[in-house]
Structure formats: C-alpha cells, structure tokens
Amino acid sequence: MRPARALIDLDALRHNYHIARQRHGGHILAVVKANAYGHGALACAQALSWDADGYAVAFLDEALALRKSGIKTPILLLEGVFDPVELLEAAHRGLWPVVHHPGQIEMIAKTALPVPLRAWIKINSGMNRAGFSPDDARRAWRQLMASGMVEECGFISHFARADEPGCGATAQQILTFDKATRGLPGARSLANSAAILAWPDAHRDWARPGIMLYGADPMPGEGNGLIPVMTLESQIIAVRNLAAGEPLGYGARFITPRPTRVGLVAMGYADGYPRSAPDGVPVAVDNKLTTLIGRVSMDMLTVDLTDLPETGIGSVVELWGKQVSVNQVAQAAGTIAYELLCNVKRVSFVWNSEQPV
Ligand SMILES: *Cc1c(COP(=O)(O)O)cnc(C)c1O
C-alpha cells in the first residue's frame, strides 16, 4: 500500500479543545466545517462529544452528517440556510442558523416551522463580508422575534484581524458590536481561535475555535501550548546519487550545488502538499530535519538526504506534524495552515486515540 498517510491524533484535539475552554471560559462551539479542516469531521466531532457544548459548520449538509453520526448537541450553521426546505430541516434537527441578510428573515417569517428556531443574527462589525450593518441589528432582531418562528436569538460577529495582537481594528469591531447589540437580550459570540488566545475583551457567552483545535497557532511562536493534530507523512521510495551541477525534477528548478543524495517521497500536490513549496522547506526524515529540493510533482516530491546517510528506502518522511510545523510550510508556500490542512486528500487517514472515544 502506498505509504502516504494522514495520522490524526484525537488526544491532541481534546488537549487543544481544553486550552480553548480554559482561555475563553463559557461555552465552546468546536468548528468542524470543511471536514474538520481536513481532519475528518465525524471522527473529530465524536472525539469531542464528551466535552464540546456544540459544533459549528458552514452549511446544512455538514450538520446533517454530524446528526447522522449521533451528535445531539447544538450545531451552528455559519452561513445560515439557503432555501425554505433547508430551513425546515434545520428547525426539525435542532440546528442553529446564522441569519446574516434580510432575505433570510423574510424566509423565516414566511415558513411555517414545526418547532421554533434558535437563530443567531450576524452583525457586520467591520469585516464587511457578511452580516447586518450595526444600525440594522435592532430591526433584524425585532423582525425575527415578531415572526413567531424564533424562540431565542443570539448575536454573532467575526473578526478580520484578530491574529494581529494589539491591532486597533479588532478593538473597534468589539466596540461596534457592543453598541449595536446594547440592551438586546440573547447570547453573544465573537471569538475565533485568534480572539480566544489574544483578545480577552472579545470573550462572550460562546466561542468558536477552529484552527487552534487542530494545533496550528493562528499567531505562530506565541507558545500557546497547542499540539499539532495532523501528521502528514509518507516514506522514501527510491534513492539516487547525483553529481554536482545536475538538474532535479520538473523545470530543473533545483540544480545540485554539491554531490547530492536525493530521496524520492510518495507525496505530491494531488495529496495536498503545496506545489508552491520552494526549495528549502523543512521535512523530517526518520525524525531528522532536512529539506525539500526540486519542484513538487503530482504524486512525488524529492528531499535532500546527503547529510542523512543512515536514511534510505522505507525511511519515514514527515511533511508536517509535530516536528515540522504546518505553519512553517504554509508560510514558505505563500499560504496559511488552514488551506494546507483542509486540502489534504487521497492519502489514507488513520485516527489515533489512547482514550476511548
Ligand atoms: C471558520 C470560522 C471560525 C473559526 O475560525 P478559526 O480562525 O479557525 O478559529 C469562527 N467563526 C466563523 C464565522 C468562521 O467562519
């Protein structure tokens, strides 16, 4: 069997969840959208089911998959519902839709729901992506409560720059949100991972940690004690010795500067390792650090084994995990850990846990 694997450490997931809980307090919705950022939504949700107050996903189908697997706690739909059929299903299954534009209020008012809904009004506090303008928050709330279909209504907003500690934009978003919702009853939810870790002022009734659960610090180097959950690994499947001055791989991007021992790894961009990764990105081979050399191809990539003579065919290669930080790979490849993690595919997934789930 091809040795490309994603090992998912569910104990690390629980550890990170507890850090979110400790740092924020209150209730915690574990964000498991996009297949739990590529880690397997069902396995991750199950692993957290003793701890999590609830979950957040992007849309209905992601929530229904969790319900089918036996998850009974609240599930927030971050994008809300898209049509009345979805709205009915959401009400029926006890899901919590975000309401972020007037069309969704109209839909709720016009649909005869079997059970009253718990909804969350999204306020655009400055990101300018989704949500009601601060001036419209009160009206949205009145309309929703007047619809007779909503028994409880919370308020939610999202930060554009929470991963920049000390950034005035986040402080301003918090002020804007508080002003828009002042005096209105209902729960509040502001903090994503970065705000949980860096913005105590943003801590409210419910937090929404995503990336930190998976052990990638949104502010790398802050020492927040997160443990990487995914190890993306494979093996050396061939070794070749090249003289100095020889080209390696597509486009001959890498020319050997010295006699070089090259390890061929069964992992490529079709598995989710970024093609944009430059020469020099760290990899660990049999627990020792070395570097990627040559362009990443669809199924394979090449690493420098010159200084690791004891390695060879069958040596284990960690592309990211507990030795090579996914943040470091992402930064070198011009992207963020979120994108790398949720793009992992085609490899075999192995979920590990010491604790029964
Ligand atoms: C994805 C998402 C989150 C989680 O963000 P992280 O940065 O991964 O913690 C929280 N809130 C909303 C609205 C989101 O879309």
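Here are some notes:
- Flag if Gly40 is of a type outside the set (D, E, K, R) and closer than 28 Å to Glu222 by Cα: yes
- Cross-chain or 6+ apart pairs with Cβ under 9 Å, the stretch 204-221 first and over 12 Å from Lys33 (Cβ atoms) and in contact (Cβ under 8 Å) with a residue 24 or more places away in the chain, then more than 9 Å from the ligand (Cβ to nearest atom) and of a type in the set (Asp, Glu): Trp206/Asp53; Gly215/Asp9; Met219/Glu164
- Pairs where the first residue, in the stretch 186-199, is among the aromatic types (Phe, Trp, Tyr) and the second is open to solvent by less than 20 Å² (accessible area, probe 1.4 Å), C-beta under 8 Å, 6+ apart: Trp199/Phe159; Trp199/Ala162; Trp199/Thr170; Trp199/Ile174; Trp199/Ala191
- Selection of the stretch 179-205 for residues being surrounded by fewer than 16 Cβ atoms within 10 Å (Cβ to Cβ) and touching a strand residue (DSSP E or B) at 6+ places or on another chain (Cβ under 9 Å) yields Pro185, Asp205.
- Test: residue in the stretch 148-157 that is surrounded by 15 or more Cβ atoms within 10 Å (Cβ to Cβ) and within 11 Å of the ligand (Cβ to nearest atom): yes
- In the stretch 336-348, the residues that are closer than 12 Å to Tyr214 by Cα and in contact (Cβ under 8 Å) with a residue 24 or more places away in the chain form Cβ pairs under 8 Å with partners that are open to solvent by 30 Å² or more (accessible area, probe 1.4 Å) and among the hydrophobic types (A, V, I, L, M, F, W, C), at six or more places apart or across chains, as follows: Cys342/Ala34.
The values are calculated or read from the model by the stated rules, or taken from the named source; none is laboratory data. Just so it is clear, the structure is predicted and the values come from calculations on it, not from any experiment. Cβ atoms come from the backbone with ideal geometry, glycine included; neighbour counts cover every protein chain shown. Ligands, DNA and RNA are stripped out before the accessible areas are found, and what is left, the full protein with its side chains, is counted by its heavy atoms. Shrake-Rupley method; radii C 1.70, N 1.55, O 1.52, S 1.80 Å.
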